[in-house]
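The values are calculated or read from the model by the stated rules, or taken from the named source; none is laboratory data. Keep in mind that what you see is a predicted model, and the values were worked out from it rather than measured. Cβ placement follows ideal geometry from the backbone for every residue including glycine, while neighbour counts extend to all protein chains displayed. Surface accessibility is based on the protein's heavy atoms, side chains included, excluding ligands, DNA and RNA. Shrake-Rupley method; radii C 1.70, N 1.55, O 1.52, S 1.80 Å.
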Amino acid sequence: MGLWLGKSSLILASQSNARKMLLANAGLEFKAITADIDERGIQAASGLSNPREIALLLAREKAKAVSAHHAGSTVIGADQTLALGDRLFNKPAGRAEALAQLRDLSGHSHELNSAVAIARDGEIIFEDVSVARLTMRQMTDAELSAYLDTAGDAVTTSVGGYQLESLGIHLFERIEGDHFTILGLPLLPLLAFLRRERLVAV
C-alpha cells in the first residue's frame, strides 16, 4: 500500500530528475507532467526582480497550468532561482556561458531560492519558499575547465552550471540549507502540508 491517500492523483508539474527522485524516495506515487509555460516571458511580464518572488511566481504558474487540465488532482509546481547579490542567473546556453557563470560564482556566496506551490482545479492551495546559501571555493580557470570537461553537457541543465548531487559538489567549501532546497523542492514544508490535509499516511 502506498503512502498517498488522496482520492485523485498526485501530479508533479516537472520532468526534473532531482524532483522526481525526491518524491519517489519519500514513498509518494505520482505522475510527472511537464508544464507548458513560457517561463522567461512570464517573468518579464511580471516586472518582478526579487528572486524569491520570481521562483514562487513560476512555481504557481506551473502548478496552475497542469492543474487546469487535470480536474481534482493535486498538482505540485516548483521552481528555483539562483541569485548572486542582485544578479539572477539562468541555465547556461553552453560550455562558454557555464564557464562565465562559474567564474562569477567562484569565491563568493550565492543563494538558491526554491519555491513549491500546490494547485487543485486551477487554484493555489499551498505555497512555500526555502532558501539555501552556498559558498563556492576560489577556483582557477584550469580547475573550472577540468570540472567542465568531466561534467560534460550536464552543466547546461542546471542554473549556475553545477549539480550539487553530482560532480558539482567539488566546487564548494560551505553549504547552509537543507539538501531538498538545494535540489529544487522544499520537501519538508511540502510534506507537512500534505499531512495537515490528510493526504499522506504518515
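Considering the range 29-42, and only residues there that are open to solvent by less than 60 Å² (accessible area, probe 1.4 Å) and touching a helix residue (DSSP H, G or I) at 6+ places or on another chain (Cβ under 7 Å), the residue that is farthest from D79 (Cα to Cα) turns out to be F30. Of all the listed residues (R103, R52), the sole one being exposed (fewer than 15 other Cβ atoms within 10 Å of the Cβ) and touching a residue at least 24 places away in the same chain (Cβ under 8 Å) is R103.
The residues of the range 132-175 that are free of Cβ contacts under 8 Å to residues at least 40 places away in the same chain, farther than 28 Å from L187 by Cβ, of a type in the set (A, V, I, L, M) and in contact with a helix residue (DSSP H, G or I) (Cβ under 9 Å, 6 or more places away or on another chain) amount to a single one, M139. Within the range 1-59, the set of residues being charged (D, E, K, R) and farther than 15 Å from I118 by Cα comprises K7, K20, E29, D36, D38, E39, R40, R52, E53.
One residue is enough: does the range 55-63 have a residue meeting the conditions among the aliphatic types (A, V, I, L, M) and open to solvent by 50 Å² or more (accessible area, probe 1.4 Å)? No, every residue in the range 55-63 fails to be among the aliphatic types (A, V, I, L, M) and open to solvent by 50 Å² or more (accessible area, probe 1.4 Å). Exactly one residue out of V66, V75 is farther than 23 Å from V159 by Cα, among the β-branched types (V, I, T), touching a helix residue (DSSP H, G or I) at 6+ places or on another chain (Cβ under 6 Å) and buried (at least 21 other Cβ atoms within 10 Å of the Cβ), and it is V75.
Could you grab me the full set of residues in the range 84-100 that are within 18 Å of A132 (Cα to Cα) and open to solvent by less than 50 Å² (accessible area, probe 1.4 Å)? Scanning the range 84-100 gives L84, F89. Exactly one residue among A26, A45 is open to solvent by 60 Å² or more (accessible area, probe 1.4 Å) and at pLDDT 95 or above, and that residue is A45. Report, by residue number, each residue of the range 148-181 that is assigned to a helix (DSSP H, G or I) and at positive phi. Matches in the range 148-181: G152, G160, G161. Where residues in the range 148-180 are of a type in the set (S, T, Y) and surrounded by fewer than 20 Cβ atoms within 10 Å (Cβ to Cβ), which of them is nearest to A59 (Cα to Cα)? Out of the qualifying residues, it is T157.
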